[in-house]
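Shown next, in structure tokens, is the structure this report addresses.
The values are calculated or read from the model by the stated rules, or taken from the named source; none is laboratory data. Everything numeric in this text was worked out from a predicted model, so none of it was measured. Note that we place each Cβ from the backbone using ideal geometry, even for glycine, and neighbour counts take in every protein chain shown.
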């Protein structure tokens, strides 16, 4: 394994860094640890305009950046540690295998006497409260798996910066975002700060790895990706398409929202949003649905010809159809 050093706290650079090395031709698996300063990271398929309390975000000068993977929006500060695994796809069973990739983190937590477990579709929890969310991307026979670790995050800012999804909160029987999460530091028997915790993770991964320090050429290429993609409003906020049909449903495997523009019983445009755990780009499905008849048979035919788990996680074809024709 290769441990790639990254000491940047710039979220736009860090996501560019991750993308660059995901596409890099190393002959071995890689791991990266990184931290973002005062940032909301939006899931690839989410509508940024609907996920944030924009006035609060602006007043607090919180960075907003979209990642390449599905799942929900997360608030991060220097009390959070991110990890990224980049591996070759050895088996199709590795896709959406969140237990496999979270196991090394759970083992490190066990070493510091914190009992954590994998839970639900993509979380690590302590005593039933979330300390880590995870997501994946599949491309060119490689998997990017990354996750967050809530060590000592400002939960008051987290609560105010993110707009709660009432469907999600109701489905989980909780009162707020804050009541669902916990900081690792609050349950430690021997106190440490986030930097010390990151050092423990780093020592654990680096002792099993070859350490790679990015070159000047790497930094130049990463900065180019950042300027062309992650710093742009188009990537981070996207466009709100014109639509005359808007439906949203919550399922056990995620929220699915759809906006459709129809004319003369044809779908001129369709856009899926949500925190579903896609590993492929949902636009592939959206493009195939453009300009087809707006009826269940036409849409079902397209979905039946695709491995929908790669695009919608575990949301089923019947659930997709149910959302479209709610």
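Can residue 55 be described as more than 20 Å from residue 229 (Cα to Cα), assigned to a helix (DSSP H, G or I) and in contact with a strand residue (DSSP E or B) (Cβ under 9 Å, 6 or more places away or on another chain)? Steps first, please.
Working: more than 20 Å from residue 229 (Cα to Cα): yes; assigned to a helix (DSSP H, G or I): yes; in contact with a strand residue (DSSP E or B) (Cβ under 9 Å, 6 or more places away or on another chain): no.
Answer is no for this residue.
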For the stretch 105-141, the count of residues that are touching a residue at least 40 places away in the same chain (Cβ under 8 Å), surrounded by fewer than 16 Cβ atoms within 10 Å (Cβ to Cβ) and either within 27 Å of residue 1 (Cβ to Cβ) or under 18 Å from the mean Cα position of the chain (by Cα) (or both) equals 6
Would you tally the residues in the stretch 243-295 being surrounded by fewer than 19 Cβ atoms within 10 Å (Cβ to Cβ) and part of a loop (DSSP other than H, G, I, E, B)? 10
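Only one of 219, 225 is surrounded by 14 or more Cβ atoms within 10 Å (Cβ to Cβ) and in contact with a helix residue (DSSP H, G or I) (Cβ under 7 Å, 6 or more places away or on another chain). Can you tell me which?
Numbers: 219 fails: in contact with a helix residue (DSSP H, G or I) (Cβ under 7 Å, 6 or more places away or on another chain).
When all the criteria are applied, what remains is 225.
With the condition kept exactly as written, say whether any residue in the stretch 80-94 is more than 19 Å from residue 209 (Cβ to Cβ) and at pLDDT 95 or above.
Step one: filter the stretch 80-94 for residues more than 19 Å from residue 209 (Cβ to Cβ), giving 80, 89, 91-94.
Remaining after also requiring at pLDDT 95 or above: 80.
Taking every residue of the stretch 80-94 in turn, at least one turns out to be more than 19 Å from residue 209 (Cβ to Cβ) and at pLDDT 95 or above.
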Residue pairs, Cβ under 8 Å, 6 or more apart or interchain, first in the stretch 219-240 and touching a residue at least 12 places away in the same chain (Cβ under 8 Å), second assigned to a loop (DSSP other than H, G, I, E, B) and buried (at least 16 other Cβ atoms within 10 Å of the Cβ). List them. 222/214; 238/47; 240/47
Could you tell me which residue of the stretch 130-169 is modelled with the lowest pLDDT, considering only residues that are under 19 Å from residue 51 (Cβ atoms) and part of a loop (DSSP other than H, G, I, E, B)? 165
I'm trying to understand the selection: among the residues of the stretch 29-43, which are surrounded by 21 or more Cβ atoms within 10 Å (Cβ to Cβ) and over 17 Å from residue 8 (Cα atoms)? 30, 42, 43
Name the single residue that is modelled with the lowest pLDDT among those in the stretch 179-200 being buried (at least 16 other Cβ atoms within 10 Å of the Cβ) and more than 19 Å from residue 78 (Cβ to Cβ). 180
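From the list 85, 101, exactly one residue is surrounded by 20 or more Cβ atoms within 10 Å (Cβ to Cβ), assigned by TED's automatic domain parsing to the domain that holds residue 13 and assigned to a helix (DSSP H, G or I). Which is it? Let's see the steps before the verdict.
On the way: 85 fails: assigned to a helix (DSSP H, G or I).
Exactly one residue qualifies, and that residue is 101.
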So residue 299, is it part of a strand (DSSP E or B) and over 27 Å from residue 142 (Cβ atoms): no
Search the stretch 302-312 for residues being touching a helix residue (DSSP H, G or I) at 6+ places or on another chain (Cβ under 8 Å) and assigned to a loop (DSSP other than H, G, I, E, B), and hand back the single one that is surrounded by the most Cβ atoms within 10 Å (Cβ to Cβ). 308
Assess whether residue 14 counts as being under 15 Å from the mean Cα position of the chain (by Cα), farther than 13 Å from residue 145 by Cβ and not in a strand (DSSP E or B). yes
